[in-house]
Structures are given as structure tokens and as C-alpha cells.
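Working notes, structure below.
Rule-based calculations on the coordinates, nothing more; no lab input. In this text the structure is predicted, and so the values were computed from the model without any measurement. Note: ideal-geometry Cβ built from the backbone for every residue, glycine included; neighbour counts use all protein chains shown.
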Ligand SMILES: NC(=O)c1ccc[n+]([C@@H]2O[C@H](COP(=O)([O-])OP(=O)(O)OC[C@H]3O[C@@H](n4cnc5c(N)ncnc54)[C@H](OP(=O)(O)O)[C@@H]3O)[C@@H](O)[C@H]2O)c1
């Protein structure tokens, strides 16, 4: 068995435990259950907005290929995309197939258009671009024409074309509509924004998702990267090591993962070393309630 095959087997068994650079991967990777099925997924995944929107150029694609390999080699699997993200679905499909990892990914993508026919065409195109006959999670992007698409998704779930159904948004203005949908419609997943500085989802959405047994994916965990500028030049607090945190990236992600309603967080990155850093948040201890109070004061 070669080194990669060996790493894949170990990661599948949840037995990875090693240090890379300053990242401790004290195994096993943390996984959480999707409430509607009890299937467990790794708590840190990968977003592809902007970062995976590249063309055919080999030099643009090479680092992204390494990002996907890093995700899988270190126990991750969840990748989120959308037809709204330019070439991202195609790049994920192409690179994961070249790496022979396509079937190891938990692929989440979205429908983002108006009308039943247009939605079906768009989603069929996503299957082709992602090189999949089955997609793990199909989400209605920003609730666009959700009442129409939900019917297609329910049919496709029954037929086995998709495994899970979800809705997404990224702004507080949508929270009351999301509450109404959660209360009225069976869903497997909600994808929503949440971070150290955008905490409104804690108030009603997280408790409601738990009550309705809906898994929660967190988008924009770094506020589109701007959280890093808030701590530029600042040293990580010494007490961060009490929850096995080695970087500001892990600090922001572990804050999110300390929320029991959160199933998975999907930071976007184009850099393999950032992917590894982010996955480090899925290993070791999580912050306690008293840590969380202190963490808020750091940004
Ligand atoms: N409505 C929706 O459905 C919706 C809306 C927004 C986002 N999303 C999804 O959520 C994902 C995440 O959100 P996002 O990509 O907008 O924002 P984000 O994850 O908050 O931030 C991404 C930025 O952080 C940087 N970064 C990542 N890891 C880092 C690290 N360890 N250290 C330093 N910098 C790091 C990335 O730059 P580098 O490339 O240099 O690493 C990138 O610029 C998206 O990619 C998308 O899949 C969905």
C-alpha cells in the first residue's frame, strides 16, 4: 500500500494522529451526526466561492488540487459549491476525478435560479460538472424560488439522486423567512452565516435547527477573510492552548464548533497550508463556555 492509500485508510478509520508544521492532528478527526440520518461528517470542510473559480490553466489549478488532497488526506470530506460560483463546480469535479477522490467527497452544491424547468436544467448540469450520478446535499441557494425547487428536491431525494436537502443564506435579513421554512418544511440541512462577530444565529436559528433535527453548516466563518485583519500583529492568547488551538484560523473555527447545533463549518481557501490549518480545528479539545466569553473580547 502506498503512502496516500495508507493515509486514506487511516483517515477513513478516523485514526490519523500526527503533527504537520505547528498543526497537531491528534486523532480522530471530530465528526458530528446529521440529525435526520445519524450519518457522521467531519466538522471542518471546504467552501469554494471565489477561491475555486479558475479556468483551465494548470498553474491556477495546481494549488487547488493540493487543497482537495489536503482535505482528504487529513480526514475531511465536505466540499460546498454552487452554480453561482463560476467555474467552481467544474474545477471540483475535474480535480477530484484526477486525484481519484471524487467518490470520497461529501459534495454539497446548490440550485440558484427561478422556475422548475430552469432549476432542473441547472441541477442536471451540476451533476455533469461535478462528475457525479448522486449528490450528497442539494441546497436552495439564498432561498431563491424555494417553494418551486423544494418539490423537485423532495422527488429526487425519494429517487435517490440526492441524499439530503437544504437551504442556504448568508444575511440576518433572511432569518425570519428561514424560521418559517424550518417550521413548515422537512429539511436535512440549513447553511447559514455565523462567526465570532456575527452571532445572531445563536438566538433563534440554532435552537430551532436542534428542535427540528436539522444539521447546520456554517458559511463565511472568517467574515470572508476580514477577521484576520482584526487580529493582525496580535499574538494568540496563551490560554488558546487549553483547547488545542495553534492559530487564529483555528481560534475562529473552534469558537464556531463549540456551538452544539453546528454540524460543519466550510471555510473557503485556495491555499493548501490554510486548508491544513483549518482542518486542525477539527482535532483536539474545543473551548469551554468560559473560554468562549474570553474569545469574544479578542476581536
Ligand atoms: N448564501 C450562501 O449559500 C453562501 C454565502 C457565502 C458563502 N457560502 C459558502 O461558504 C464558504 C465560506 O465562506 P467564504 O469563502 O465566503 O468566506 P470565509 O470562509 O469566511 O473566508 C475565506 C477567506 O479566508 C481566507 N482564509 C481561509 N483560511 C485561512 C487561514 N487558515 N488563514 C488565513 N486566511 C484564511 C481565504 O483566503 P486564502 O484563499 O488565501 O486562504 C479567503 O479569502 C464559501 O466559499 C461558500 O462555499 C455560501
Problem set entry | Kirkwood hydrodynamic radius (C-alpha pairs) into Stokes-Einstein, the range 137-183, 10 °C and 1.306 mPa s, D in µm²/s | 143 µm²/s
Seminar exercise, completed: In the range 155-299 the DSSP beta bridges are antiparallel at a rate, in percent to nearest 5, of 10 percent
For this session: With r as the distance between the Cβ atoms of residue 159 and residue 226 and R0 = 41 Å, compute the FRET efficiency 1/(1 + (r/R0)^6) and round to 0.05.
Result: 0.50
Exercise. Which values of log₁₀ I(q)/I(0), to two decimal places, follow from the Debye formula for the range 46-137 at q = 0.14 Å⁻¹ with a uniform point scatterer at every Cα?
Worked result: -0.45
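Which semi-axes, in whole Å and largest first, does the equivalent ellipsoid of the range 93-142 have when worked out from the alpha carbon gyration tensor as the square roots of 5 times its eigenvalues?
On the way: eigenvalues 99, 23, 12 Å².
Each semi-axis is √(5λ); the values are 22, 11, 8 Å.
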For this session: Could you tell me what percent of the DSSP beta bridges with both partners in the chain are antiparallel, to the nearest 5?
Result: 20 percent
For this session: Quote the relative contact order of the chain in percent (integer), defining contacts as alpha-carbon pairs under 8 Å separated by 6+ residues.
Result: 21 percent
Seminar exercise, completed: Dividing the alpha-carbon radius of gyration of the chain by 2.2 N^0.38 Å, where N counts its residues, gives 0.96
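Looking at the range 84-242, send over the antiparallel percent of its DSSP beta bridges, to the nearest 5.
Values: 1 of 18 bridges.
So the antiparallel bridges in the range 84-242 amount to around 5 percent.
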For this session: Please report, largest first and rounded to whole Å, the three semi-axes of the ellipsoid equivalent to the range 143-299, where each semi-axis is the square root of five times an eigenvalue of the C-alpha gyration tensor.
Result: 31, 16, 14
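Report, in deg cm²/dmol and to the nearest 500, the calculated mean residue ellipticity at 222 nm for the chain, where each DSSP H run with n ≥ 4 adds -39500 (n - 2.57) and the sum is divided by the residue count.
Working: 11 runs with 113 residues, N = 299.
The helix-only estimate for the chain comes to -11000 deg cm²/dmol at 222 nm.
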Seminar exercise, completed: Per residue, the convex hull enclosing the Cα atoms of the range 87-202 spans a volume in Å³ of 119 Å³
Exercise. What percentages, rounded to whole numbers, describe P(r) for the range 146-214 computed over all alpha carbon pairs with 5 Å bin width beginning at zero?
Worked result: 3, 15, 28, 23, 15, 10, 4, 1, 0
